[in-house]
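A short worksheet on the structure shown next.
The values are calculated or read from the model by the stated rules, or taken from the named source; none is laboratory data. The structure displayed is predicted, hence computed values, not measured ones. Ideal geometry is used to build each Cβ from the backbone, glycine not excepted, and the neighbour counts take in all protein chains shown.
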């Protein structure tokens, strides 16, 4: 694993944690398979398991498609469910909501739509890292800040001034970059 990929995985892990998931990274499964991120949240009688893989898809379409499909095979899904069940005690009443997402840092634009459609048939979501960074993370931070104010955990009433917890070091940097970019970019009017 490259340092760049480790940073991207850490950004995603922090974001998911901020969104209320318990997150584990770099999980070694039976054999030699390693899973990048498994995030778990219990909500409304469901156990939501998000299996996330991060990577570059730099080859021809067929090779990229096989790479992604292999990351989310039935045996891997079964092994992850067993891993989650061992890590947390589950009652028989929980319904499993198992979600797969491949977050790519690069994929040729001409492949994105076709791969997205084909992978959706396998219940695999395909998302660009840029989408996570520019859309989903800011939305999650905004919602987290609003909940922090509503719950009374913070005394600040301005969501923009509510600081993220210290454990989110990379998200803190992302937040500062977004804030800086927004302050120097021309306003849309």
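Scan region 16-29 and tell me whether some residue there is in a helix (DSSP H, G or I), out of contact with any strand residue (DSSP E or B) (no Cβ under 6 Å at 6 or more places or on another chain) and assigned by TED's automatic domain parsing to the domain that holds residue 114. Yes.
Under 14 Å from residue 56 (Cβ atoms) and more than 14 Å from the chain's Cα centre (by Cα), is that true of residue 111?
yes
Note on region 166-185: residues that are surrounded by fewer than 15 Cβ atoms within 10 Å (Cβ to Cβ), modelled with pLDDT of 90 or more and in a loop (DSSP other than H, G, I, E, B) total 1. The single condition among (1) out of contact with any helix residue (DSSP H, G or I) (no Cβ under 7 Å at 6 or more places or on another chain); (2) closer than 30 Å to residue 29 by Cα that residue 152 does not satisfy is (2).
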